[in-house]
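A.B. asks: Please read through the structure below; I'll follow up with questions.
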Amino acid sequence: EDRYSFRETEAHWQRVWTEAGCFKAVVDPARPKYYVLEMFPYPSGRIHMGHVRNYTLGDVVARFKRAQGFNVLHPMGWDAFGLPAENAAIQRGVHPGEWTRRNIAVMRDQFRPMGLSIDWDREVSTCEPAYYKHEQKMFLDFVKAGLAYRKESWVNWDPVEHTVLANEQVIDGKGWRSGAPVERRKLSQWFLRITAYAQDLLDSIATLDRWPDKVRLMQTNWIGRSEGARVRFPLVGRDDSLEVFTTRPDTLFGASFCAISANHPLASELAATDGALAEFIAECGRMGTSEADIETAEKKGYDTGLRVRHPFVADATLPVYVANFVLMEYGTGAIFGCPAHDQRDMDFARKYGLAVTTVVAPVGEDAEAFAARQDQSTEAFTGDGVAIRSEFLNGLSVAEAKAAAIARIAELGLGEGVVQFRLRDWGVSRQRYWGCPIPMIHCDHCGIVPVPEDQLPVQLPDDVTFDKPGNPLDHHPTWKHVNCPVCGRPARRETDTFDTFFESSWYFARFCSPQTDDVAFDRAAVDYWLPVDQYVGGVEHAVLHLLYSRFFTRALRECGYLGLAEPFAGLFTQGMICHETYRAPDGGWMGPDDITRTADGLVVRARDGAPVTVGRSEKMSKSKMNVVDPTATLESHGADAARLFMLSDCPPERDMDWSDAGIDGASRYIARLWRLATQPPVDLGPAGAPLPDTLSPAAEALRRQAHKTMAGVTEDLEKFRFNNAVARVRELTNALAALDPATPDAGPVVRFALETVVRLAAPMIPHIAEEVWRLLGHDTVLATTPWPQWSEEALRDDVITVVVQVCGKRRGSVDLPVDAPEDQARAAALALPTVIAQVGDKPVRKVILVPNRIINIIV
Ligand code: ANZ
Ligand code: ZN
């Protein structure tokens with residue numbers, strides 16, 4: 001039998017690792033810790049290739065760090081609450097809990113054959129009361145600390161589903177599932193005060209130097225700090241004023257109107273006596289509420305007839321519109337419009353015939369001519385320049401004019417400079433069953449009162465039905481009826497549950513002490529393990545999950561749960577997995593299993609040989625049918641081959657192409673390693689024997705290459721250049737196989753090189769590495785064997801190329817032994833024909849030698 005059987009071998013080593021407890025993590029203050037975490041999966045049903053890539057990357061880091069002597073924590077769990085479980089309940093009549101737990105069991109079994117070095121004893125599932133009871137307690141602590149509160153806010157309401165929709169679930173103004181036009185409703189909801197940390201979250205981005213720049217930039221933009229001013233425009237004929245937020249107070253002299261949101265209190269007030277306005281507001285309510293919707297919708301307004309006084313220009317007044325592009329949730333819900341310098345205002349002004357007055361001109365242009373042109377334009381000028389037609393601001397730069405305008409507004413008592421953030425408080429209420437119950441009780445006498453801590457957890461009832469639209473918790477005959485914990489009178493439970501981002505905002509801390517029951521975290525354990533040293537996941541979580549977790553950690557610190565602010569010291573975001581796409585003659589999509597390749601490389605339909613059109617490689621998706629099932633791949637090629645292909649194909653941050661040829665190539669390399677160990681090209685001699693002190697030149701070259709590979713792979717793994725690491729290991733494999741067996745000392749040096757190969761490859765292809773290690777006569781387990789140490793001496797080349805200069809100018813180079821003495825270097829340099837030509841018969845005044853780099857001859 002001379003074929004490698006990955007099936008038996010992989011199962012064998014997984015058993016060995018488990019039985020030896022190789023991946024158990026135990027707090028040990030004497031050792032440096034390293035916490036590796038992949039973003040935990042949602043138990044959707046089956047694992048996909050994206051999971052395989054994510055967990056392979058994390059596992060390489062975990063195994064590498066373990067070998068380097070770190071005490072590694074590498075846990076696993078399930079982000080188990082969420083909407084798909086409820087949809088399954090509605091569509092297939094299966095209980096969300098049963099659906100979720102079944103999926104977890106299936107996916108856990110699918111992950112096992114990958115050979116991940118996970119401490120499975122720490123597994124958590126967020127849908128279990130043992131987990132979510134702690135977040136109910138956290139929420140109560142947040143309420144006490146003023147970090148959670150209830151307020152009315154505008155939401156997207158689906159009138160058919162009877163629930164709030166996230167902005168992402170509103171498509172063209174309609175509910176994503178019901179297709180019903182979404183209504184804007186004011187609803188009382190729970191919020192977490194993430195805005196309290198806006199500045200801190202922004203400032204600390206600078207400290208996240210092991211995060212991708214693009215993620216840091218996305219968070220910066222999401223937090224969206226703007227410096228500007230609040231300005232109060234007195235309302236004509238009334239005692240009150242209209243307060244606007246602006247980032248361009250320098251353009252106040254170009255203001256031609258004010259506009260308020262359809263949800264602004266002034267709009268509601270006026271609509272009470274103006275039917276047409278009420279109609280217009282209702283129309284705005286039917287529009288999507290996301291910023292993208294608002295950005296793309298046609299600008300529309302309604303002239304309320306009210307006017308405001310200009311803060312700087314006596315007797316000037318401006319009309320007040322209700323406009324569909326003004327958001328109630330930003331600034332003050334009101335703006336002043338300066339059409340010449342803002343495109344939305346320009347579009348609006350041209351539509352409603354409002355004045356366009358240019359008040360900023362670019363430096364170096366004729367201001368009058370520019371202004372005359374710009375006044376007639378339909379394109380706003382948003383660039384830098386100097387203020388014109390602006391009285392006391394004239395001649396100031398934009399920045400200076402902003403400051404001067406703010407100072408004057410303050411003097412007049414009409415406003416002040418402010419910092420405004422785009423970041424909104426996080427609304428966490430969901431009208432859903434499959435989530436963590438919010439531990440609050442509504443009492444008609446006492447108001448909203450917290451569930452007493454000794455009554456936690458508030459458990460989800462199991463006996464719910466999904467036959468009616470809306471929230472099953474609300475329909476449940478008994479669950480919500482409780483007595484008020486304060487006055488004892490009949491009261492009602494909160495029937496909303498938390499947004500599922502709540503659970504994922506602290507799971508990484510729970511992994512530090514997943515079994516503690518009385519508290520969420522054992523303080524010593526979180527102090528030891530946190531922060532996560534290396535987090536690995538998809539860039540799609542760049543803002544929500546990663547920002548919520550940063551906030552949550554701060555909030556938990558404020559409530560005394562832990563002592564740090566930043567949960568993830570290092571972040572790596574991997575690329576997606578793509579695959580060719582195929583279309584049948586009738587144009588329909590086909591899957592990779594529906595096609596076959598003919599001897600001359602044509603792609604045809606497997607069933608009948610019909611021609612197939614091969615399309616470009618795209619992200620694997622069910623709709624394009626270009627999905628490859630990881631379980632089938634693990635069965636046909638084994639875990640090592642799948643891992644190796646994932647790692648070798650391209651840098652891990654890039655999208656990769658899955659291909660049969662790629663995984664077959666990986667399998668061939670693994671089989672080759674096995675053959676090298678079972679049928680070595682030379683007699684390898686005994687395990688553990690030291691290399692002879694002096695080696696023949698060819699053997700010495702291989703020894704040096706092995707040391708260089710150790711250094712190179714180590715650096716590559718540190719820097720997430722896994723594809724380079726694989727390439728180096730393959731090169732060393734080629735070199736050891738190519739060594740002439742007749743070379744003196746070939747046996748011991750080939751053994752040394754092959755042992756180096758498997759030790760360096762072990763984090764990536766752990767099963768075959770263990771197997772070869774054993775075949776080579778070792779009885780230790782590589783998973784717990786220290787990382788190989790190279791010697792600096794071996795990295796240095798014997799011969800080195802040294803630059804030769806004459807009077808500082810490069811004239812050529814010479815190959816010299818490393819650390820060659822000065823007279824040898826000098827003689828070699830002076831013998832160069834190019835040097836002879838330069839020096840001629842001039843006397844050499846001096847030779848400056850920078851050892852191993854430069855020889856400079858001064859004449
Ligand atoms: C007058 C002005 C003149 C403005 C000009 C811009 C250019 P960022 O940078 O995102 O903070 N704005 C203020 N509140 C708004 C709201 N609730 N809905 C829609 N737009 C609003 O943008 C700030 C600018 O967006 C503000 O500055 C305001 O328009 C507008 F030449 O004020 B500006
Ligand atoms: Zn009460």
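A.B. asks: Which condition does Arg184 not pass, out of (1) open to solvent by 10 Å² or more (accessible area, probe 1.4 Å); (2) closer than 30 Å to Ala401 by Cβ; (3) not polar (S, T, N, Q), if it passes all the others?
C.D. replies: It is condition (2) that Arg184 fails.
A.B. asks: Here is a further query. Of the numbered conditions (1) in contact (Cβ under 8 Å) with a residue 12 or more places away in the chain; (2) of a type in the set (Lys, Arg); (3) farther than 29 Å from Arg193 by Cβ; (4) more than 16 Å from ligand 2 (Cβ to nearest atom), Arg523 satisfies every one except a single condition; which is it?
C.D. replies: (3)
A.B. asks: Another question, then. Buried (at least 17 other Cβ atoms within 10 Å of the Cβ) and either touching a helix residue (DSSP H, G or I) at 6+ places or on another chain (Cβ under 9 Å) or not charged (D, E, K, R) (or both): is that true of Glu135 in this structure?
C.D. replies: Yes; evaluated as a whole, the condition is true for this residue.
A.B. asks: Hey, can you tell me all the residues within the range 444-458 that are open to solvent by 70 Å² or more (accessible area, probe 1.4 Å), in contact (Cβ under 8 Å) with a residue 24 or more places away in the chain and more than 13 Å from ligand 2 (Cβ to nearest atom)?
C.D. replies: Hits for the range 444-458 are Glu453, Gln455.
A.B. asks: Continuing with the same structure: Run down Pro249, Pro234 and say which single residue is crowded, with 23+ Cβ neighbours inside 10 Å, modelled with pLDDT of 95 or more and closer than 28 Å to Ala387 by Cα.
C.D. replies: None of the other options fit; the residue is Pro249.
A.B. asks: Based on this model, can you work out whether Leu318 counts as touching a Cys at 6+ places or on another chain (Cβ under 6 Å), more than 16 Å from ligand 2 (Cβ to nearest atom), over 20 Å from Gln376 (Cβ atoms) and at pLDDT 95 or above?
C.D. replies: yes
A.B. asks: Quick one: which helices (runs of 4 or more DSSP H) lie wholly within the range 712-830 and hold at least 1 residues that are acidic (Asp, Glu) and buried (at least 16 other Cβ atoms within 10 Å of the Cβ)?
C.D. replies: Counting at least 1 such residues, we get 746-761, 766-775.
A.B. asks: What's the number of the only condition in (1) within 12 Å of ligand 1 (Cβ to nearest atom); (2) open to solvent by 50 Å² or more (accessible area, probe 1.4 Å) that Arg350 fails to meet?
C.D. replies: (1)
A.B. asks: Filter the range 356-380 down to the residues that are assigned to a loop (DSSP other than H, G, I, E, B), open to solvent by less than 90 Å² (accessible area, probe 1.4 Å) and not β-branched (Val, Ile, Thr) and list them by number.
C.D. replies: Pro362, Gly364, Glu365, Ser377, Ala380, listed by residue number.
A.B. asks: Among Ala642, Ala666, Ala632, which is over 27 Å from the mean Cα position of the chain (by Cα) and buried (at least 19 other Cβ atoms within 10 Å of the Cβ)?
C.D. replies: Just one listed residue meets the conditions, Ala666.
A.B. asks: When you check Ala105 against the structure, is it in a loop (DSSP other than H, G, I, E, B) and surrounded by fewer than 24 Cβ atoms within 10 Å (Cβ to Cβ), yes or no?
C.D. replies: no
A.B. asks: Here are some residues: Val419, Val386, Val428, Val398. Which one is under 33 Å from the mean Cα position of the chain (by Cα) and either open to solvent by less than 20 Å² (accessible area, probe 1.4 Å) or over 30 Å from Phe142 (Cβ atoms) (or both)?
C.D. replies: None of the other options fit; the residue is Val428.
A.B. asks: Please list, ordered by residue number, the strands (runs of 3 or more DSSP E) wholly in the range 381-489 having 1 or more residues that are more than 16 Å from ligand 1 (Cβ to nearest atom).
C.D. replies: Filter on the range 381-489 gives 440-443, 447-450, 481-483.
A.B. asks: Consider the range 607-617. How many of its residues are crowded, with 16+ Cβ neighbours inside 10 Å and at pLDDT below 90?
C.D. replies: Number of matching residues: 1.
A.B. asks: Please report, ordered by residue number, the strands (runs of 3 or more DSSP E) entirely within the range 529-608 with at least 2 residues that are more than 12 Å from the chain's Cα centre (by Cα).
C.D. replies: 577-583, 595-597, 603-605
A.B. asks: Something else about it: Name the residues in the range 472-484 that are open to solvent by 50 Å² or more (accessible area, probe 1.4 Å) and within 9 Å of ligand 2 (Cβ to nearest atom), would you?
C.D. replies: The one that is open to solvent by 50 Å² or more (accessible area, probe 1.4 Å) and within 9 Å of ligand 2 (Cβ to nearest atom): Asn483.
A.B. asks: Now for a separate question. Can we say Gly228 is part of a loop (DSSP other than H, G, I, E, B), over 20 Å from the mean Cα position of the chain (by Cα) and of a type in the set (Gly, Ala, Ser)?
C.D. replies: No: the conditions fail for Gly228.
A.B. asks: What are the residues in the range 338-355 that are of a type outside the set (D, E, K, R) and either touching a Lys or Arg at 6+ places or on another chain (Cβ under 8 Å) or in a helix (DSSP H, G or I) (or both), if any?
C.D. replies: Cys338, Pro339, Ala340, His341, Gln343, Met346, Phe348, Ala349, Tyr352
A.B. asks: Also: For Leu354, indicate whether it is of a type outside the set (Phe, Trp, Tyr), modelled with pLDDT of 95 or more and in contact with a Phe, Trp or Tyr (Cβ under 8 Å, 6 or more places away or on another chain).
C.D. replies: The answer is yes for Leu354.
The values are calculated or read from the model by the stated rules, or taken from the named source; none is laboratory data. Please read all numbers here as calculations on a predicted model, not as lab measurements. Positions of Cβ are backbone-derived with ideal geometry, glycine not excepted, and every protein chain shown enters the neighbour counts. For the accessible areas, the whole protein counts, side chains as well, though only heavy atoms, and no ligand, DNA or RNA atoms are used. Shrake-Rupley method; radii C 1.70, N 1.55, O 1.52, S 1.80 Å.
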